[in-house]
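Asker: One structure, as structure tokens, below. Some questions next.
Rule-based calculations on the coordinates, nothing more; no lab input. Treat the numbers as computed from the prediction; the structure is a model and nothing was measured. Every residue, glycine among them, receives a Cβ derived from its backbone with ideal geometry; neighbour counts consider all protein chains shown.
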Amino acid sequence: MLDDSDDVKLLKIDGADDAIVGVGERCGMPPTLIYDYYKLVDCLARKNGWDMEAAQDWVEYNIAGAYVGERTPIILMPFEVEFYEIN
């Protein structure tokens, strides 16, 4: 697991720190930042003065659609889950 003593370089999306929700790790690969899609769109819309549709288009084409190596950030599409008790 990643901790404060690790010397890890994480690839960040400029101006979107408020959208970071965590760090993901995969076997044999370096840790990567995880961004909440909706928070990311909101951050970039506010930062650049875009409407939400323009921000969504930009995020989908320039971020979600980009691969910049094994440290490419993960874009999380949150959803609500309902849990049911099985008897």
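Asker: Where Lys and Arg each count +1 and Asp and Glu each count -1, what net charge lies around Lys47 among other residues with Cβ under 10 Å from its Cβ?
Answerer: Result for the neighbourhood of Lys47: -2.
Asker: Around Ala64, what is the net charge, scoring Lys/Arg as +1 and Asp/Glu as -1 over all other residues with Cβ under 14 Å from its Cβ?
Answerer: Local net charge: -2.
Asker: If the cut-off is 18 Å between C-alpha atoms, which lysines fall inside it for Lys39, apart from same-chain ones fewer than 8 positions away?
Answerer: Those lysines meeting the cut-off are Lys12, Lys47.
Asker: With the calculation restricted to Cα positions, what are the radius of gyration and Dmax of the stretch 17-76 in angstrom?
Answerer: Using the Cα atoms of the stretch 17-76, the pair Rg, Dmax is 12.1, 39 Å.
Asker: I would also like to ask the following. Taking only C-alpha pairs under 8 Å that are 6+ residues apart, what is the relative contact order of the stretch 17-76 in percent?
Answerer: Taking the mean separation of contacting Cα pairs over the length of the stretch 17-76, I get 38 percent.
Asker: Same structure, new question: Note down the net charge around Met77, summing +1 for each Lys or Arg and -1 for each Asp or Glu among other residues with Cβ under 15 Å from its Cβ.
Answerer: -3
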